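The values are calculated or read from the model by the stated rules, or taken from the named source; none is laboratory data. Bear in mind that the values here come from a model prediction, so they are computed numbers and not experimental data. In this analysis, Cβ positions are derived from the backbone assuming ideal geometry, glycine residues included, and neighbour counts consider all displayed protein chains.
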Amino acid sequence: MVEGFHSNSDEKVLKCKLEESGLVNTHSIMEKAVKWFESRSIFVVAYGTGCGAIEMPPTFTSRYDAERMGIVGVATPRQADVIILSGYLAYKTLRRVIRTYEQMQKPKYIITLGSCPINGGMYWDSYNTIKKLDDFLPVDVYVTGCMPRPESVIEGFVKLQKRIKEGQKCGWELYEENYDFYKTNQKRVLGEHILPSYETDWYNINGGGLG
């Protein structure tokens, strides 16, 4: 055998010895480390979409202190990993949420609060309320309750952290894989012009105030 080279059988023996000694390959160790760091550095964009937004201040302030778990609030979607949709969504709000979500960097996640994002909640028969958010954007974690207390919100983050650490497929991957499905549903309720204009609606007089 040429010095410096090993046969396949030699490689298998070496691999078995490493496994027996409790060692794993460096790549696997790095992957686990990266997933752990990702799960412990969750940045949440400051965006309240419904009644549940009132539960965010106690969740992130001193009493429950979500920051001790690596969960921090940030100001813009460019910095954020997570957006919390905290209640009902009107079609007009959905436009803004889609823009915010698509500005967020990958990996990115959606957590929803209450029954409204699932079935419309108490607004289920309203003409302008989203009944099933998952048809328009991929939801990673549903937190039940109307509205869920900070303990429940933190439990939702714990479930998300577990998914990230285990490397489970998350919503942003589904969004990419099924992009046409989501865009078709978005266009069905919002029309061809999905994203809102950059001008503030109520000042956009020349454009008829259309967003």
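Here are the numbers:
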item: Test: N128 is free of Cβ contacts under 8 Å to residues at least 24 places away in the same chain and either within 16 Å of K159 (Cα to Cα) or more than 14 Å from the chain's Cα centre (by Cα) (or both); result: no
item: Among the candidates M56, M69, residue that is surrounded by 12 or more Cβ atoms within 10 Å (Cβ to Cβ), at pLDDT 85 or above and touching a Gly at 6+ places or on another chain (Cβ under 9 Å); result: M56
item: Helices (runs of 4 or more DSSP H) enclosed by segment 133-211 - at least 1 residues per element that are over 24 Å from K106 (Cβ atoms) and at pLDDT 85 or above; result: 150-165, 179-190
item: Residues of segment 37-85 satisfying the condition of being over 29 Å from T129 (Cβ atoms) and among the small types (G, A, S); result: S39, S41, S62, G70
item: Residues within segment 143-163 that are hydrophobic (A, V, I, L, M, F, W, C), surrounded by 14 or more Cβ atoms within 10 Å (Cβ to Cβ) and within 28 Å of R95 (Cβ to Cβ), tallied; result: 5
item: Test set (1) of a type outside the set (D, E); (2) touching a helix residue (DSSP H, G or I) at 6+ places or on another chain (Cβ under 7 Å); (3) under 26 Å from E38 (Cα atoms) - M104 fails condition number; result: (2)
item: Qualifying positions in segment 102-121 - in contact (Cβ under 8 Å) with a residue 60 or more places away in the chain, under 15 Å from G48 (Cβ atoms) and outside any strand (DSSP E or B); result: G114, C116
item: Among the candidates D134, D125, D140, residue that is buried (at least 20 other Cβ atoms within 10 Å of the Cβ) and charged (D, E, K, R); result: D140
item: Subset of segment 73-102 (residues that are over 23 Å from I118 (Cβ atoms) and among the hydroxyl-bearing types (S, T, Y)); result: T76
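Okay, residues lined up against (1) under 11 Å from I154 (Cβ atoms); (2) touching a residue at least 40 places away in the same chain (Cβ under 8 Å); (3) small (G, A, S):
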residue	(1), (2), (3)
G52	no, yes, yes
Y64	yes, yes, no
R68	yes, no, no
V72	no, no, no
A80	no, no, yes
